[in-house]
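Nothing in this text is a laboratory measurement; each read-out follows from the coordinates by a stated rule. Since the structure is predicted, the reported quantities are computational estimates derived from the model, not experimental observations.
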Amino acid sequence: MNLKSTTLNITSFFSSKQKFRYYLPQILTVLGIIFIFGYFSYNAQVNMDNRGIDFGLRFLGEEASFDIQFSLIEYSGTDSYARAYLVGLLNTILVAVIGIFFATILGVVIGISR
């Protein structure tokens, strides 16, 4: 396949008005999403630089200085943000498992009662 046939295939692909009308909104949507994401990323980076905020995950090693009332593992306010994140993740998983359990029981009861 040479350059001329590739150009011809692209040209013939977009020469069909029906195909062009079909793909144009999709192409414009993808380009719009890329533009919006790029704009907000650039804006966030500029504003963080202006305020002297580092971009990264270095804060995870710092002291969280807040308590979490319920945790499956030991946690205190002097632990790191990473530990607080882990506690939150485990609490979320626990709530999800409990919710799935009770939703299953409720579904079985409703299904049997019909």
In whole Å, largest first, what are the principal axis extents of the Cα atoms in the chain?
67, 62, 27
Need the full-extension length gain, residue 41 to residue 60, defined as separation in residues times 0.36 nm minus the C-alpha distance. One decimal, nm.
4.7 nm
Amide H contacts under 5 Å for residue 80, placed H, 5+ residues apart:
64
For the chain, built as a Gaussian network whose Cα springs stay under 10 Å, the top-fluctuating residue of 59, 35, 20:
20
How far is helix 17-51 tilted, in degrees, relative to the longest principal axis of the Cα atoms in the chain, given as a value from 0 to 90 rounded to the nearest 10?
50 degrees
In degrees, nearest ten, helix 3-15 long axis to first principal axis of the chain (Cα):
80 degrees
